[in-house]
Structure formats: structure tokens, C-alpha cells
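Computed from the coordinates by the stated procedures, all read-outs in this text should not be read as laboratory data. This one's a predicted model, so the numbers in the text were calculated from it and none came from an experiment. Note that we place each Cβ from the backbone using ideal geometry, even for glycine, and neighbour counts take in every protein chain shown.
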Amino acid sequence: MSDSVNFVLKIIVIGEPATGKTSLVKKYISGHFSQDYRASIGTNMYIKKVRLDSGEEAKIQLWDIAGQEKWIKMRHIYYRGAQGALVLGDLTREKSFDQIELFWREDLLKFCPDVPVILIANKNDLKVETPKEKVEAVGKKLEAISVIYTSAKTGDNVEQAFKTISEIVYERRIKFNPESQPSQS
Ligand SMILES: Nc1nc2c(ncn2[C@@H]2O[C@H](COP(=O)(O)OP(=O)(O)OP(=O)(O)O)[C@@H](O)[C@H]2O)c(=O)[nH]1
Ligand SMILES: [Mg+2]
């Protein structure tokens, strides 16, 4: 990593299983998309350098956190030190947005209060089964700074989603605290 990197931004990516968290992160990091669903195990961390609007370079750490219930006990360990969050719902499954309201919102409030959140309405390329009003309402409940419709398949708005959260975290100068980092398993 070059000396020009001034900031490290830790962003967590959370939401129900199979909403497309891994797909979204992989599309952003490598440009690839796979149709296969392989449930994530635990957590994966990816790093990318981004050029911010200010001209400065930041290193973003993307923590792709497995959504399956069996990871529930260890999940919050990976929330530690997060400066921003992308919360995903799957537009083909309205229930995945209900779950944000019922579960993920509280999880965030409990373990990462005050982190800026963006609601990601993913799988925009498929037949949408979730009313726009529902997506907007969940965004409000989450106090999301923005609601972004994405497709990890076509790449629609993927770059924009990560760019937006990075700029927000940077603008707020949310401190990155390496002390509060979990060690990766
Ligand atoms: N058509 C379409 N399929 C998608 C999109 N995003 C993800 N998928 C598919 O949805 C399934 C689940 O995607 P994953 O990225 O593995 O989901 P996840 O949220 O990481 O799931 P967990 O790791 O279990 O929490 C896979 O079959 C993907 O190919 C999208 O934007 N469009
Ligand atoms: Mg995954």
C-alpha cells in the first residue's frame, strides 16, 4: 500500500442470507458475477483503494458478513470498529426487507450505533416483488442516508453504492480505530 493512502474506511455489508452481499462486493472488487449461491461462512474481508472527491486516497475494508442464522453469535464481533454499513434487501423477496426492520436494524443499533447506513435494494435486474413504498419505509426506519437500487449481476449502481458510503464516512471523518478491530479468523 502506498504512502499516499490517508484513510482506512471499514464498511460492513449485512442483511438476510442470499440477498447478494457477497455478489455485490465481488462485483465491485473484481467485476465478476456468479449465478451460483454459496452461502458465506463467517466473514470475508476485501480491500480496495478508492480515490475520494477530495483527491485523497483511501483504503476501504469491506467486511462481507454471512447472513445465515448459524453465524448469529459471532457476527457482532465483525461489526466492531465499523464506520459505515450497507444493509441489503432482495427486491424479489419482500420478507428480506421486513427482516431489516425486525432484526438488522436493532442489531446495528445495539452494536454500531451512529454509523451511517445505506439501504441497498438489490437484484434490480429481476422481477421486483417489493413495493417501492416498502423499500422507502424501511429506509426511513433505518434512518438510511440513502436508498440505492442495485444489481450485482449487471453492475447497475454498484460502484455508486460503495462510492457513496465511502464519501459519507470520509466527510464525517469517522475515526478508524485499529484497537477495536477483531482479528480475522
Ligand atoms: N439476478 C441477480 N442475482 C443476484 C444478484 N445478487 C445476487 N444474486 C444471486 O443471489 C444468490 C445469493 O447471492 P450471494 O451474494 O451469495 O448472497 P449473500 O447475501 O452473500 O448470502 P449469505 O452469504 O448466505 O449471507 C446467488 O445465486 C447470486 O447469483 C443480482 O443483483 N441479480
Ligand atoms: Mg455471502
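Ranking request for peptides 44-56, 115-127, 15-27, 140-152: highest mean number of other beta-carbon atoms within 10 Å first, then the rest in descending order.
My ranking of the peptides, most packed first, is 15-27, 115-127, 140-152, 44-56.
In whole angstrom, note down how far apart the Cα centers of region 107-172 and region 19-79 are.
14 Å
Where q = 0.15, 0.17, 0.19 Å⁻¹, what log10 of I(q)/I(0) comes from the Debye formula for the chain, counting one point per Cα?
Results for the chain at q = 0.15, 0.17, 0.19 Å⁻¹ read -0.83, -1.09, -1.38.
What is the helix-to-structure angle for 132-141, meaning the angle in degrees between its Cα long axis and the longest Cα principal axis of the chain, kept from 0 to 90 and rounded to the nearest 10?
50 degrees
Could you sort 93-99, 32-38 so that the peptide with the highest average Cβ count within 10 Å comes first and the rest follow in order? Working shown, then result.
On the way: 93-99: 19.0, 32-38: 9.3.
Put in order of decreasing packing, that is 93-99, 32-38.
For Ser34 and Glu94 in the same chain, what is the full-extension length gain: residue separation times 0.36 nm, less their Cα-Cα distance, in nm?
19.3 nm
With each pseudo-label sitting 7 Å past Cα toward Cβ, what's the Lys110-Arg172 distance in nm, one decimal?
2.1 nm
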